[in-house]
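Participant: Okay, handing you the structure first.
The values are calculated or read from the model by the stated rules, or taken from the named source; none is laboratory data. All of these numbers come straight from a predicted model, not from anything done at the bench. Cβ placement follows ideal geometry from the backbone for every residue including glycine, while neighbour counts extend to all protein chains displayed.
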Amino acid sequence: MRTWLHTLLLLASLCSAPLLAAETPILTVKATDCCAGKGSQSFTLAQLDALPQTTVVTTTPWTEGEHRYQGVRLSTLLAKLGIHSKTVKVTALNDYWASLPVAEAEQYPVILATRQDGKVLTRRNKGPIFIIYPLSDYPDLDQERTHSFMVWQAVRIDAE
């Protein structure tokens, strides 16, 4: 009886796992002037997917060959939340962070990539969010300074 009950509980948890994952926030954005006065807002993958999507095909220093990245533009997300900062601090799961100049995110299609080559990014392949700059389209961006802005496993944005 115990084995049957354990099996039933395991199957129930496996069936609900995708639903729970879809409802789990993968990004939190905080700013004093943001989010209709709430100061912060969290987003699930589905909520980020519901925003206008941009595709960037580029190489990166950490991957082999060119890849197709998809996600919402950073400038689009900031505009939607009413954030008007000169820089934003993007923080990763391991507490690495970088201050990104918003002017560059408006000038270039800098995206919060949630997919690489059509597949959802996971922690194993730099997800849930990988900040992607279009290095292949703008060779002047392909430098160490810009590479430091390409935070992977990004989970938080703070307006500065």
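Participant: Any residue at all in region 134-147 that's crowded, with 22+ Cβ neighbours inside 10 Å and touching a strand residue (DSSP E or B) at 6+ places or on another chain (Cβ under 6 Å)? Walk me through it before giving the result.
Facilitator: Quick first cut of region 134-147, residues crowded, with 22+ Cβ neighbours inside 10 Å only: none.
No, because not a single residue in region 134-147 is crowded, with 22+ Cβ neighbours inside 10 Å and touching a strand residue (DSSP E or B) at 6+ places or on another chain (Cβ under 6 Å).
Participant: Does any residue of region 10-25 turn out to be modelled with pLDDT of 85 or more and either within 18 Å of the chain's Cα centre (by Cα) or of a type outside the set (A, V, I, L, M) (or both)?
Facilitator: yes
Participant: Going by the conditions given, is Asp33 acidic (Asp, Glu), outside any strand (DSSP E or B) and over 22 Å from Arg145 (Cα atoms)?
Facilitator: Judged against the criteria, Asp33 is a match.
Participant: Checking Val72 against (1) modelled with pLDDT of 95 or more; (2) farther than 18 Å from Asp117 by Cβ: exactly one of these is not met. Which one?
Facilitator: Status for Val72: all satisfied but (2).
Participant: Would you confirm, using the coordinates I've provided, whether Leu51 is surrounded by 20 or more Cβ atoms within 10 Å (Cβ to Cβ), of a type outside the set (Gly, Ala, Ser) and touching a helix residue (DSSP H, G or I) at 6+ places or on another chain (Cβ under 7 Å)?
Facilitator: On the way: surrounded by 20 or more Cβ atoms within 10 Å (Cβ to Cβ): no; of a type outside the set (Gly, Ala, Ser): yes; touching a helix residue (DSSP H, G or I) at 6+ places or on another chain (Cβ under 7 Å): yes.
No: the conditions fail for Leu51.
Participant: Pairs needed: first member in region 76-90, of a type in the set (Ser, Thr, Tyr); second member anywhere, assigned to a loop (DSSP other than H, G, I, E, B); C-beta distance under 7 Å; at least 6 residues apart or different chains.
Facilitator: Thr76/Leu51; Thr76/Pro52; Ser85/Ala31; Ser85/Glu160; Thr87/Glu160
Participant: Counting just the residues of region 98-153 that are more than 21 Å from Thr87 (Cα to Cα), at pLDDT 95 or above and basic (Lys, Arg), which one comes out farthest from the chain's Cα centre (by Cα)?
Facilitator: Per the criteria, the residue is Lys119.
Participant: So, one more: Among the residues of region 74-127, write down those that are in contact with a Lys or Arg (Cβ under 9 Å, 6 or more places away or on another chain) and hydroxyl-bearing (Ser, Thr, Tyr).
Facilitator: Correct list: Thr91, Ser99.
Participant: Can I ask one more? Counting only residues that are in contact (Cβ under 8 Å) with a residue 24 or more places away in the chain, among the charged types (D, E, K, R) and either within 19 Å of Thr54 (Cα to Cα) or in a strand (DSSP E or B) (or both), how many does region 105-138 have?
Facilitator: Counting residues in region 105-138 that are in contact (Cβ under 8 Å) with a residue 24 or more places away in the chain, among the charged types (D, E, K, R) and either within 19 Å of Thr54 (Cα to Cα) or in a strand (DSSP E or B) (or both) gives 5.
Participant: Something else about it: Scan region 77-91 and tell me whether some residue there is touching a Ser or Thr at 6+ places or on another chain (Cβ under 6 Å), over 19 Å from Leu135 (Cβ atoms), of a type outside the set (Phe, Trp, Tyr) and in a strand (DSSP E or B).
Facilitator: yes
Participant: Applying the selection to region 139-150, what residues are in a helix (DSSP H, G or I) and not polar (S, T, N, Q)?
Facilitator: If we filter region 139-150 for residues that are in a helix (DSSP H, G or I), which is where we start, we get 139-141, 144-149.
Scanning region 139-150 gives Pro139, Asp140, Leu141, Glu144, Arg145, His147, Phe149.
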